[in-house]
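One structure below.
The values are calculated or read from the model by the stated rules, or taken from the named source; none is laboratory data. From a predicted model like this one, the values you see are computed outputs, not experimental measurements. Because the Cβ atoms are built from the backbone with ideal geometry, glycine has one as well, and the counts that use them run over all protein chains shown. Each accessible area value is taken on the protein alone, full model and side chains, heavy atoms only, with ligands, DNA and RNA left out. Shrake-Rupley method; radii C 1.70, N 1.55, O 1.52, S 1.80 Å.
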Amino acid sequence: MTISFLIIAALILAASVAAMTLRNLVHCALALAVAFAGLAAAYLQLNAQFVGFAQILVYVGAVAILIVFAVLLTRGGEAPERNVFSGDWKWGALVAALVFGTLAWAVKHSFASDRPLPTKAEVTVKQIGDALMTKYVLPLEVIGLLLTAAMIGAVIIAMKEEKK
Amino acid sequence: MAEFFDQIFVNLKHWLLGFVPAQPDWLQPLATVVISVAAILGVFASLFAIATVIERKGLGRIQNRPGPNRVGIPFTDISLFGFGQPIADGIKALIKEDLVPRAADKVVHFLAPLAMFVPLALTLLVLPMGRNMTAMDIDAGLLFFFAVGAGAELAVFMAGWSSRNKYSLFGAMRAIAQMISYEIPFILSTVSVIMIAGTLSPVKIVEAQQTYNGWLPDWFVFTPWGLAAFLLFITAATAESNRSPFDLPEGESEIIAGYFIEYSGFKFAIFFMAEYFGMFAAGGMAATLFLGGYAAPVEWLNWIPSWAWFFAKTMGFIFFLIWIRGTVPRLRQDQLMNFAWKFMLPMALMTILAAASWHFIPDAFTRWLVSSTLVVAPYLLLGRGLLAGRQIGKRAYRYAD
């Protein structure tokens, strides 16, 4: 529990709360981008350079932009007229507490918590690349195929329909 | 002597660090970071000041006028060829009224210039600016460069949206569409270098280009795949920094000034500075990846300090951009998108193939032949194919004849 971790955790928490509570949708999207950046900082603090930078590149650079575009293209960035919170928040809080309790109990009693923590290994980007190209080459290819299929599908949906 | 000047800034930093007490143990790393960041900000801010004058003088020369040549040292008659202009510009930007539109989103409007400047300034940290002169020598430096640079896109949106001006929103949308499209060839064109050098660290990439073979240095630009990737990289970098001929986001004739219409005074100056920092970062990265970084072009020029070569190459890129800005007309939006997706993306993928063939063919002649064919053939095919069926003749003017 270092000072840098506390700062990053506070940033992520504050940004996430802001993303949930702000009234303006674009503000929420921007707060979410801050939360993404905070997560990247947390990864970097754990010495996971590749994951951290990929998080920034993908989430801050692409996903946040996508969200912002979606907000602007659908219903505009104006604030909603009525309150965004439901009236019976007490029930919601109860359900959330129950879910958290169940999950915490499950994690506490699972065999994963008995396992000793692995020693902190220095994983370089090169090692990740090697693993992706040798051991995990089949999953990588499958994901590539899936993404290509999804992209072709998106293009077909977006294509102009031929007039008959 | 050459060694002394080569390492003069490194030694200066160590000398300064000598004054920092060794206890507590977090003080020394903190001091290292502060000194490096202060040096980088100072040096590049001064370069920004010089580059604005060079840009205005260069554009002036291209347009047959002198450009700024009056302002010199204040209260004297020394004119310094107009290189005192940035001081006057800076004072003007500082004392101008800071106008914020009444309907603007105040907080986002205030944060946008900062959100633009910080990522672009951060990208400078990973550049090897001379032997042992890298502020942040990390394993995944290149990834850091692209990841952090992508943060500027969101800042463009923040500026355009928060101004509550339809032209600034248009400009932001144009800028984001352009930056996302050109980011793909921008990143893909560096993949060939990563493959050949076998590392993502800018320092190691530069070190891989330090040798000389006969009359040419072993820079990646002097290989078929390297030349193609270099041209793609600087084209995409021009588009990424929204410079002419890719300056549609600013398009004065259509949308006034793009996403920073509603910014005045020093906030505008920060946008301006961020744009130049982006150009410095792109130029420095182009030099690092393809032009040997801080290496001298010929062996007997190695007595010139390594940092001088790095900054000479970076400023060479700035000069190239100014030259382009003065001479090439702006693209149209559909041309811009077609160029990115139909030409630059396939070409960037071909450079990867060409680099792979370069790596696996041992014989020098064969690999030159195969690698060149893999670059030139798609270039010709794509160029011919995209222009097929289009009548491109002399330009006809409807009203001006």
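Scanning segment B:95-106 for residues that are closer than 13 Å to B:F260 by Cα and within 14 Å of chain A (Cβ to nearest Cβ) yields one hit, B:A104. Somewhere in segment B:253-261, is a residue open to solvent by less than 30 Å² (accessible area, probe 1.4 Å) and of a type in the set (V, I, T)? Yes, because at least one residue in segment B:253-261 is open to solvent by less than 30 Å² (accessible area, probe 1.4 Å) and of a type in the set (V, I, T).
Quick check, is B:A2 of a type in the set (A, V, I, L, M, F, W, C) and either at pLDDT 85 or above or more than 30 Å from B:F319 (Cα to Cα) (or both)? Here the answer is no, as B:A2 does not meet what is asked.
Can you tell me which residue within segment B:137-150, out of those that are in contact (Cβ under 8 Å) with a residue 40 or more places away in the chain and assigned to a loop (DSSP other than H, G, I, E, B), is farthest from the other protein chains (Cβ to nearest Cβ)? The qualifying residue farthest from the other protein chains (Cβ to nearest Cβ) is B:D137. When residues in segment A:34-44 are screened for being modelled with pLDDT under 90 and either among the basic types (K, R) or closer than 17 Å to B:A159 by Cα (or both), 0 of them pass.
Yes or no: B:A237 assigned by TED's automatic domain parsing to the domain that holds B:S372 and either over 23 Å from B:V375 (Cα atoms) or in contact with a strand residue (DSSP E or B) (Cβ under 7 Å, 6 or more places away or on another chain) (or both)? No; evaluated as a whole, the condition is false for this residue.
Restricting to segment B:345-394, name every residue that is outside any helix (DSSP H, G or I) and touching a residue at least 12 places away in the same chain (Cβ under 8 Å). Once the filter is applied, which keeps residues that are outside any helix (DSSP H, G or I) and touching a residue at least 12 places away in the same chain (Cβ under 8 Å), segment B:345-394 yields nothing. Name every residue in segment B:163-204 that is charged (D, E, K, R) and either farther than 18 Å from B:A104 by Cβ or crowded, with 19+ Cβ neighbours inside 10 Å (or both), in order of residue number. Listed by number, the residues that qualify are B:R174, B:E183, B:K204.
Quick one: would you say B:F311 is in contact (Cβ under 8 Å) with a residue 24 or more places away in the chain, open to solvent by less than 40 Å² (accessible area, probe 1.4 Å) and part of a helix (DSSP H, G or I)? So B:F311 fails the test.
Scan segment A:30-39 for residues that are more than 8 Å from every other protein chain (Cβ to nearest Cβ) and open to solvent by less than 50 Å² (accessible area, probe 1.4 Å) and jot them down. Once the filter is applied, which keeps residues that are more than 8 Å from every other protein chain (Cβ to nearest Cβ) and open to solvent by less than 50 Å² (accessible area, probe 1.4 Å), segment A:30-39 yields A:A31, A:A35, A:F36, A:G38. Within segment B:127-144, being modelled with pLDDT of 85 or more and open to solvent by less than 10 Å² (accessible area, probe 1.4 Å) holds for B:L127, B:P128, B:G141, B:L142. Taking segment B:205-219 as the range and being open to solvent by less than 20 Å² (accessible area, probe 1.4 Å) and not in a helix (DSSP H, G or I) as the test, the residues that pass are B:Q209, B:P217.
Within segment B:249-258, the presence of a residue that is under 26 Å from B:P346 (Cα atoms), within 14 Å of the chain's Cα centre (by Cα) and not hydroxyl-bearing (S, T, Y) is excluded. Hey, any hits in segment B:220-228 for a residue that's surrounded by fewer than 23 Cβ atoms within 10 Å (Cβ to Cβ) and closer than 20 Å to B:F280 by Cβ? Yes, there is a match, as at least one residue in segment B:220-228 is surrounded by fewer than 23 Cβ atoms within 10 Å (Cβ to Cβ) and closer than 20 Å to B:F280 by Cβ.
Residue by residue, here is whether (1) buried (at least 17 other Cβ atoms within 10 Å of the Cβ); (2) at pLDDT below 90; (3) over 20 Å from B:A112 (Cβ atoms); (4) more than 10 Å from chain B (Cβ to nearest Cβ) holds:
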position: A:I7; (1), (2), (3), (4): no, no, yes, yes
position: A:I12; (1), (2), (3), (4): yes, no, yes, yes
position: A:M20; (1), (2), (3), (4): no, yes, yes, yes
position: A:N24; (1), (2), (3), (4): no, yes, no, no
position: A:C28; (1), (2), (3), (4): yes, yes, no, yes
position: A:L46; (1), (2), (3), (4): no, yes, yes, yes
position: A:G52; (1), (2), (3), (4): yes, yes, yes, no
position: A:I56; (1), (2), (3), (4): yes, yes, no, no
position: A:F69; (1), (2), (3), (4): no, yes, no, no
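Filter segment B:107-122 for residues that are away from chain A (no Cβ under 12 Å) and either open to solvent by 40 Å² or more (accessible area, probe 1.4 Å) or among the hydroxyl-bearing types (S, T, Y) (or both) and give the result. Residues satisfying the conditions are B:F110, B:L114.
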